[in-house]
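Before any comments, here is the structure.
The values are calculated or read from the model by the stated rules, or taken from the named source; none is laboratory data. Predicted, not measured: the structure shown is a model, and the values here were computed from it. Every residue, glycine among them, receives a Cβ derived from its backbone with ideal geometry; neighbour counts consider all protein chains shown.
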Amino acid sequence: MLSQLADISELGGILAQNSPHDVGVRQVAALSARLAYAMMCFTLVWGVLTATGWVRRTTSRQALRSGHMMLAVMTIAFGALHGFAFIFATDIDFGVVKIMVPFAEGGFARHAAGIIGLQLMTAVAISVAVRRWLVYRTWLRFHQLGYLAVGLTVVHAWLGAAANGNLALLQTAGITLVVPVITLTALRFLPPRLLTKVGLVSAEPAVQPVAQQDPAAPPNPRAGKVGVSVDNERCQRYGICETAAPEVFQLVEDGRLRYDTSPHAQFATQAKAAARCCPMRAITVQERGVK
């Protein structure tokens, strides 16, 4: 009798796992996860292209930023749908706390990676709305946590695919999406010299010598210094100059660019690198000598 009851209980569990309701829930979770993964990759690529100005010829700067934000919101929406879909499954025990709190109620590490990644993405997206009240450099550093969020989400996706037997599918589609993302992200932080070699920035720096110093003249205390000017009509405030030469260029909280028109000699190389990297060719660096 007990054996029959055990068999019936096991059969009930199998039927529950294969019920149309749970199958539908899992399909929704799987589809939303794949869409979130794709949108996440597109968001990162679009953000890099927008920040560097490499797609500036396609449309306006505001449209680029709006597109980046739209993709980010879609990523968060599909990611949230993926997580909360499991609450409605009857064959597994997933509550709101387990969905939102890492490692809660015996949650796995792969679940925690996805939860933290999605929460970081949400925080970064919210920070865009309050950017005007934050110091730009502080906001920029916080915004860059999005790279960590993407990394955690990729780990979650791959570990989840391995656990669910879908690793082959992710290897085919996932790698296709991740490779350009990693490539562009790496290019975003490469030194200007390497960017010049690969042709992403001009090899000719915007440097205009004014005059050469007479070798017979005594040393000039201003020798080696440079003069910096920015064409306000060309400048789109992408912030690449601040990354290359933070001691010379600063984007303030209201979006305006402040820069040192006569930086110290030790920052001359950085100023020239910023001029080379500027996608709008708005920066001019002049070597100062003795007339």
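Given the conditions (1) more than 30 Å from Ala129 (Cβ to Cβ); (2) at pLDDT 75 or above, report the number of the one that Gln213 does not fulfil.
Here Gln213 clears every test but (2).
Among the listed residues Leu170, Leu159, identify the single one that is assigned by TED's automatic domain parsing to the domain that holds Ile115, among the aliphatic types (A, V, I, L, M), crowded, with 17+ Cβ neighbours inside 10 Å and at pLDDT below 80.
On the way: Leu159 fails: at pLDDT below 80.
Answer to the check: Leu170.
State yes or no: is Thr122 of a type in the set (S, T, N, Q) and not in a helix (DSSP H, G or I)?
When the stated conditions are applied, Thr122 does not pass them.
Can you say whether Leu35 is modelled with pLDDT under 85 and part of a helix (DSSP H, G or I), as far as the supplied structure shows?
So Leu35 fails the test.
Mind checking whether some residue in segment 63-82 is aromatic (Phe, Trp, Tyr) and either outside any helix (DSSP H, G or I) or at pLDDT below 90 (or both)? Can you show your working first?
Of all residues in segment 63-82, those aromatic (Phe, Trp, Tyr) come to 78.
Cutting the leftovers down to either outside any helix (DSSP H, G or I) or at pLDDT below 90 (or both) gives us none.
No, that holds for no residue.
Which pairs turn up if I take residues in segment 133-154 that are within 16 Å of Thr122 (Cα to Cα) and look for partners that are among the hydroxyl-bearing types (Ser, Thr, Tyr) with beta carbon separation below 7 Å, at least 6 apart in sequence or on another chain?
Trp139/Ser127; Phe142/Ser127; His143/Ser127; Tyr147/Thr185
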